[in-house]
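To start, the structure under review is shown below, and the notes come after it.
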Amino acid sequence: MKNNNLALEAVKAREAAYVPYSNFMVGAALLTKDGKIFYGCNIENAAYSPTICAERTAFTKAVSEGEREFSAIAVAGWAKNAKPAQAFPCGVCRQVMREFCNPNEFKVLVVTNENGDYTEHTLEELLPYSFGPESLM
Ligand code: THU
C-alpha cells in the first residue's frame, strides 16, 4: 500500500460523481506522459445505458483535447456514505485504455481509501491477451 498524488487526485475527482441511481461514486485521474492530469467521474442517466464510467470520462476529455500518450490512471470508487473499498475498472474501460496505452507500461492505481493508498497494476495484468490497434494491421 502506498499513497501518491495521482491517487489523491482520483479521490478528489470522485466528489463530482453524478450517481442518483447507483449511489456508487467513482473518480479517476489520468496522467499524460508529459505530466498533465485529466479528471473524470461517473455520470449516470435516467435511461441507464448512457451512463459513462469515470475512467472513460477522463479519457474522453483528454483525447478530445489532443492527448494521446498516457502513463497512468488512478481510480477511486466506493458507494456514497460507505466504507471505502477498491473498485477495479470495468471491462469496457480496460478496452478503452488499451486503445491508447501500452499494456506493459500503463499503470492502473486502484485506490483503497480516502488517504490515497492504492494497489498498482499494469494494463496487461487487467486485460491479458488483449485486442488492440495492432491487431487490425
Ligand atoms: N463505474 C465506473 O465509473 N467505473 C468502473 O470501472 C466501474 C463502474 C460506475 C458506473 C456506474 O455509474 C456505477 O459505477 C455503478 O456501476
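Inspect all residues belonging to segment 76-87 and state whether any of them is exposed (fewer than 14 other Cβ atoms within 10 Å of the Cβ), over 10 Å from the mean Cα position of the chain (by Cα) and either touching a residue at least 60 places away in the same chain (Cβ under 8 Å) or within 30 Å of Ser135 (Cβ to Cβ) (or both).
yes
Restricted to segment 6-25, and to residues that are without any contact (Cβ under 8 Å) to a residue 60 or more places away in the chain and more than 13 Å from the ligand (Cβ to nearest atom), which residue is surrounded by the most Cβ atoms within 10 Å (Cβ to Cβ)?
This residue is Lys12.
Six or more apart or on different chains, Cβ atoms under 7 Å: show the pairs whose first residue is in segment 56-72 and open to solvent by 90 Å² or more (accessible area, probe 1.4 Å) and whose second is outside any helix (DSSP H, G or I).
Within 7 Å, the pairs are Glu69/Thr32; Glu69/Lys33.
Just give me the residues in segment 26-45 being among the acidic types (Asp, Glu) and open to solvent by 50 Å² or more (accessible area, probe 1.4 Å), in sequence order.
Across segment 26-45, the qualifying residue is only Asp34.
I need the full set of residues from segment 94-137 which are surrounded by 13 or more Cβ atoms within 10 Å (Cβ to Cβ) and small (Gly, Ala, Ser), in order please.
Of everything in segment 94-137, those that are surrounded by 13 or more Cβ atoms within 10 Å (Cβ to Cβ) and small (Gly, Ala, Ser) turn out to be Gly116, Ser130, Gly132.
Among Ile43, Ile37, which is near the ligand (Cβ under 8 Å from one of its atoms) and over 18 Å from Gly132 (Cβ atoms)?
Values: Ile37 fails: near the ligand (Cβ under 8 Å from one of its atoms).
That would be Ile43, the only listed residue that is near the ligand (Cβ under 8 Å from one of its atoms) and over 18 Å from Gly132 (Cβ atoms).
The values are calculated or read from the model by the stated rules, or taken from the named source; none is laboratory data. This one's a predicted model, so the numbers in the text were calculated from it and none came from an experiment. Cβ: placed from backbone, ideal geometry, glycine included. Neighbour counts: every protein chain shown. Heads up: the accessible areas ignore ligands, DNA and RNA and are worked out on the full protein's heavy atoms, side chains in. Shrake-Rupley method; radii C 1.70, N 1.55, O 1.52, S 1.80 Å.
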